[in-house]
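Remarks on the structure that follows.
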Amino acid sequence: MKLADLFLEQLERATRATRRTVERVPDGKSTWAPHAKSMQLGYLANLVASMPSWIGMMIDRDFLDLGNYAGGPRASTGAELAALFDKSAADARRALSNATDEHLLKPWQLRVSGNVVDEKPRYQQIADTFTHLAHHRGQLTVYLRLNNVAVPQIYGPTADEAWGA
């Protein structure tokens, strides 16, 4: 089995849970944060919704320089976040569908103002992206709970949703 096929399977599993999470982000709460040191809800939700697009970037480009990165599109409502997530997942799907194992073994760099801060094979960066997504999606579910929004199933039932909901 090709590496890209494994990542496509993982993307499909992550897609269901992540879309259900971002579409529940309450409107009008983008600046809310549970603590002064925490991310604002709008920033976190946009991060989660756009993260799958990083996979396409890691396949299509050799590096990202955060020193001159303006960021991607921003969404405000749950519906906009779901649409942003759908586009991000489609970008990842497209890139993975065309990726070869040989290409995924090549290095990819994260830079800040020209300085390399991280360099690993693309496949490893992509695997790290899925872990990063799971972390921030979990963080987002805590934000939902603290705003009295029903938390969707991710790996199993929640206090709000039984198995198979």
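Give me, ordered by chain and number, the residues 5 or more places off R111 or on other chains with an amide H under 5 Å from its own placed amide H.
Residues meeting the amide H criterion: L64, D65, L66, V117.
Give the calculated FRET efficiency between L146 and L110 to the nearest 0.05, with a Förster radius of 30 Å applied to their Cβ-Cβ distance. Intermediate values should be presented prior to the final figure.
Numbers: r = 31 Å, r/R0 = 1.03.
It comes to 0.45.
Set Lys and Arg Cβ to +1 and Asp and Glu Cβ to -1, take the dipole of the chain about its Cα centre, and tell me which of P152, I59, L133 lies farthest positive.
Towards the positive end, the residue furthest out is P152.
Under the definition of Cα pairs under 8 Å and six or more residues apart, what whole-number percent is the relative contact order of the chain? List each step's numbers first, then the result.
Values: 231 pairs, mean separation 48.6, N = 165.
It comes to 29 percent, rounded to a whole number.
Using the Cα gyration tensor of region 121-165, with a ≥ b ≥ c the square roots of its eigenvalues, what is the shape: rounded (a/c below 1.5), prolate (a/b larger than b/c) or oblate (neither)?
Working: a/c = 5.52, a/b = 1.98, b/c = 2.78.
Here region 121-165 falls in the oblate category.
Considering only W32, L11, G42, whose Cα is most displaced toward the positive end of the charge dipole of region 1-50, charges sitting on Cβ of Lys, Arg (+1) and Asp, Glu (-1)?
Among W32, L11, G42, the one farthest towards the positive end of the dipole of region 1-50 is W32.
What is the dipole size for the chain, taken about its Cα centre, with +1 at each Lys and Arg Cβ and -1 at each Asp and Glu Cβ, in debye to the nearest 20?
Working: 19 positive and 18 negative charges, 62 e Å.
In debye, rounded to 20, the chain gives about 300.
How far is it, in nm, from the label point at A36 to the one at T131 when both lie 7 Å from their Cα along the line to the Cβ?
About 3.3 nm separates the two model spin labels.
If the cut-off is a Cα-Cα distance under 25 Å, which lysines reach K87, setting aside same-chain residues fewer than 8 apart in sequence?
Partners found: K2, K29.
How large is the helix-only mean residue ellipticity at 222 nm for the chain, computed as the sum of -39500 (n - 2.57) over DSSP H runs with n ≥ 4, divided by its residue count, in deg cm²/dmol to the nearest 500?
Working: 6 runs with 88 residues, N = 165.
Calculated mean residue ellipticity at 222 nm is -17500 deg cm²/dmol.
What are the ³J(HN,Hα) couplings of region 73-84, residue after residue, when phi is run through the Karplus curve with 6.51, -1.76, 1.60 and θ = phi - 60°? Round to Hz, x for glycine and proline.
The phi angles translate into x, 10, 10, 10, 9, x, 5, 5, 5, 5, 5, 4 Hz.
Along the positive direction of the dipole of the chain (beta-carbon charges: Lys, Arg +1; Asp, Glu -1; about the Cα centre), which of G164, S88, G114 reaches farthest?
Towards the positive end, the residue furthest out is G164.
Calculate, for the chain, the solvent-accessible area per residue in square angstrom, rolling a 1.4 angstrom probe over the heavy atoms of the protein chains. Please report the intermediate quantities before stating the final value.
Numbers: 8810 Å² over 165 residues.
Dividing the accessible area of the chain by its residue count gives 53 Å².
Could you sort F63, F130 by accessible area so the largest value comes first, with the probe set to 1.4 Å?
If we order F63, F130 from most to least accessible, we get F63, F130.
The values are calculated or read from the model by the stated rules, or taken from the named source; none is laboratory data. This structure is a prediction, so every number in the text was calculated from the model and none was measured. Because the Cβ atoms are built from the backbone with ideal geometry, glycine has one as well, and the counts that use them run over all protein chains shown. SASA here: full protein model, heavy atoms, side chains in, ligands and nucleic acids out. Shrake-Rupley method; radii C 1.70, N 1.55, O 1.52, S 1.80 Å.
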